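Working notes, structure below.
The values are calculated or read from the model by the stated rules, or taken from the named source; none is laboratory data. Note that the coordinates shown come from a computational prediction; the quantities given were computed from them, not determined experimentally. Here the Cβ is made from the backbone with ideal geometry for all residues, glycine too, and neighbour counts use every protein chain on show. The protein model used for the area step is the full one, side chains on, heavy atoms only, and it has no ligands, DNA or RNA in it. Shrake-Rupley method; radii C 1.70, N 1.55, O 1.52, S 1.80 Å.
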Amino acid sequence: MHDPRVLLDPATDAVRKLARRGFSLDVTALEKLLSSRNSAIQRGDDARGESKRVATSVKGAAPEERAQLVERARELKGVVAAAEEEHRTLEAELQDLLLGIPNLPLDELPDGASEDDAQLVRTWGEPPTFDFAPLDHVDLGERLGILDLPRATKLSGPRFAVLKGKGAALERAIARFLLELHTEHNGYTEFSVPTLVNRVSMTGTGQLPKFEHDLFKTGVGETELYLIPTAEVPLTNLHAKETLATEELPLAYTAHTPCFRSEAGSYGRDTRGLVRLHEFSKVELVRVVEAERSRAELEVLLGHAEAAMQALGLAYRVIKLPAGDIGFSAQITYDIEVWLPGQQKYREISSCSDFGTFQARRAGIRTKSKEGARGFAATLNGSGLPIGRTLVAILEQGQQADGSVQIPDVLVPYTGFDKLS
RNA sequence: GGAAGCGUGGCAGAGCGGCCUAAUGCACUCGCCUUGAAAGCGAGAGACCCGCAAGGGUCCGGGGGUUCAAAUCCCUCCGCUUCCGCCA
């Protein structure tokens, strides 16, 4: 969420920036709403102040004076109530408006709104070449007997997966490897968090109110809870409505959780295999930092995600998304795309974003320096990595002529085997 | 699910409907003292909102009500604790 005064400051250049991502900001409406809200607050404050003074003077007043004072106090009570009511209404309107305005893309982002407009940052590793026709992960997985999609559909429907035997073991191994990499080498603290969260938490990170249709929701009696689409939600909201001392920043948190996505609007895309599921698991990285440091911290975060790719020996490239293609809460996003021989394409495997203070304002994550300076924190997050897509890449990049799959060396201590056959 | 109790400042803990602008202690910050520290003494200090500022307003778990006036009375919701029941 934006600070309306900053948004309206011409120096912010908000209208142009938001237009780059296809959002048209109605400055006049916002200005009008803000100033009427402020004057309602002022009127209420003034009346309440007088009301208090009058109430205090009632006690020692002479009887005839007293009646007059009480009369005046009754009047003021009405004024206060009216001003408060007006404030409440306008405040709600203002919040609705502000909650629907996306973050401002940084100027360094390329123009455009499609994947094709992304800017290539670098590539790492050689896409493997094969002297045979490489299979995709579904064919590989089924031949190896580690993947059972028909039964997943029987259990839950399309876009679910069942892994079996060494497939399940490999999934577990990937998760353990990633967690240990990030906790032992990259300085992250591991958390185990709820995967069902309330509406406030979903609003704090920006999934709500705009993207309700992307979420799975549960309802039992009066209780409504949402299934998290990413551990970003619980990890970032851990510090909602808290003031953090700047000395304890940056915070670096990780968690391995299931993620649930409705995938509304992606009908027909990636219907095959493990690439796009309603439920998958992911090791997520979250950083909470001082506002001025957020851009630099994004490079740090990206480095941690890349370190995982490199340790696994997976060929990938990094792209900077164009202004029109970044998520609602982000001000800049890098995607890591892994080479998938089965598709002969680079496909997204990790998204690393800097949210600036956008989420912190919504969630109320404040900072206070030793000198007493107060502000909002900046938040960042990135996948480090999603287990399913990583498994896809390992299968496809590691496949051999005989249909077996070579397991990356770093995973062998966790799997206990170095080959799927 | 049933019963009872409790929610006050960073923590602990007072608080007859109006002098609560919330006592006191601990912790904290800054002085004095000291070679340095501790102790002692003195002073100070919260958060949020409106305002360029001066300043004003709000905050005793949340919301509502009674009253000229609520931390204090009433209702309701939430959370915590204890006992019972149930349960992995």
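Quick check, is A:THR243 in a strand (DSSP E or B) and under 29 Å from A:LEU277 (Cα atoms)? The answer is no for A:THR243.
Would you mind finding the one in A:ASP116, A:ASP107, A:ASP131, A:ASP136 that is modelled with pLDDT of 95 or more and either over 30 Å from A:SER294 (Cα atoms) or among the acidic types (Asp, Glu) (or both)? Walk me through how you get there before you give the answer.
Numbers: A:ASP116 fails: modelled with pLDDT of 95 or more; A:ASP131 fails: modelled with pLDDT of 95 or more; A:ASP136 fails: modelled with pLDDT of 95 or more.
The unique qualifying residue is A:ASP107.
Is segment A:241-250 home to any residue that is closer than 25 Å to A:SER351 by Cβ, under 14 Å from the mean Cα position of the chain (by Cα) and open to solvent by 20 Å² or more (accessible area, probe 1.4 Å)? The answer is no; no qualifying residue exists. Scanning segment A:69-84 for residues that are surrounded by 12 or more Cβ atoms within 10 Å (Cβ to Cβ) and more than 9 Å from RNA strand B (Cβ to nearest atom) returns A:GLU75, A:VAL79, A:ALA82, A:ALA83. Within segment A:330-363, the residues that satisfy the criterion of being of a type in the set (A, V, I, L, M, F, W, C) and either surrounded by fewer than 24 Cβ atoms within 10 Å (Cβ to Cβ) or outside any loop (DSSP other than H, G, I, E, B) (or both) are A:ILE332, A:ILE336, A:VAL338, A:TRP339, A:LEU340, A:ILE349, A:CYS352, A:PHE358, A:ALA360, A:ALA363. Pairing each residue of segment A:37-56 that is among the acidic types (Asp, Glu) with any residue that is more than 6 Å from RNA strand B (Cβ to nearest atom), provided the two are 6+ apart or on different chains, yields C-beta distances under 7 Å for A:GLU50/A:LEU76. Considering (1) within 29 Å of the chain's Cα centre (by Cα); (2) under 29 Å from A:ALA240 (Cα atoms), the lone condition that A:SER35 does not fulfil carries the number (1). The combined condition, being away from RNA strand B (no atom under 15 Å from the Cβ), in a helix (DSSP H, G or I) and open to solvent by 60 Å² or more (accessible area, probe 1.4 Å), is not fulfilled by A:THR56.
Tally the residues that are of a type in the set (Gly, Ala, Ser) and at pLDDT 95 or above, restricting the search to segment A:379-403.
Initially, segment A:379-403 is screened for residues of a type in the set (Gly, Ala, Ser), giving A:382-384, A:388, A:393, A:398, A:401, A:403.
The next check asks that each one be at pLDDT 95 or above; those that pass are A:382-383, A:388, A:393, A:398.
The total comes to 5.
Can you name the helices (runs of 4 or more DSSP H) wholly within segment A:86-195 that have at least 2 residues being within 16 Å of RNA strand B (Cβ to nearest atom)? Don't jump to the end; show me each part of the working.
Details: elements: A:137-144, A:149-155, A:166-184.
Counting at least 2 such residues, we get no helices (runs of 4 or more DSSP H) at all.
Entry remark, segment A:403-413: residues being open to solvent by 30 Å² or more (accessible area, probe 1.4 Å) and within 16 Å of A:ILE146 (Cβ to Cβ) number 1 in total. Every condition in (1) hydroxyl-bearing (Ser, Thr, Tyr); (2) surrounded by fewer than 14 Cβ atoms within 10 Å (Cβ to Cβ); (3) part of a loop (DSSP other than H, G, I, E, B) holds for A:THR218 except the one numbered (3). Residue selection: A:GLY384 fails the criterion of being of a type outside the set (Ser, Thr, Tyr), within 16 Å of RNA strand B (Cβ to nearest atom), under 18 Å from the mean Cα position of the chain (by Cα) and closer than 30 Å to A:LEU249 by Cβ.
When segment A:180-214 is filtered for residues that are among the aliphatic types (A, V, I, L, M), open to solvent by 20 Å² or more (accessible area, probe 1.4 Å) and more than 30 Å from A:GLY303 (Cβ to Cβ), the ones remaining, listed by number, are A:LEU196, A:VAL200.
Listed here are the residues, each with its yes/no results for (1) within 29 Å of the chain's Cα centre (by Cα); (2) open to solvent by 50 Å² or more (accessible area, probe 1.4 Å); (3) of a type in the set (Gly, Ala, Ser); (4) at pLDDT below 95.
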site: A:ARG122; (1), (2), (3), (4): yes, yes, no, no
site: A:LEU147; (1), (2), (3), (4): no, no, no, no
site: A:VAL162; (1), (2), (3), (4): yes, no, no, no
site: A:GLY165; (1), (2), (3), (4): no, yes, yes, no
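Comparison of A:ALA19, A:ALA11 shows that the only residue that is assigned to a helix (DSSP H, G or I) and either polar (S, T, N, Q) or at pLDDT below 90 (or both) is A:ALA11.
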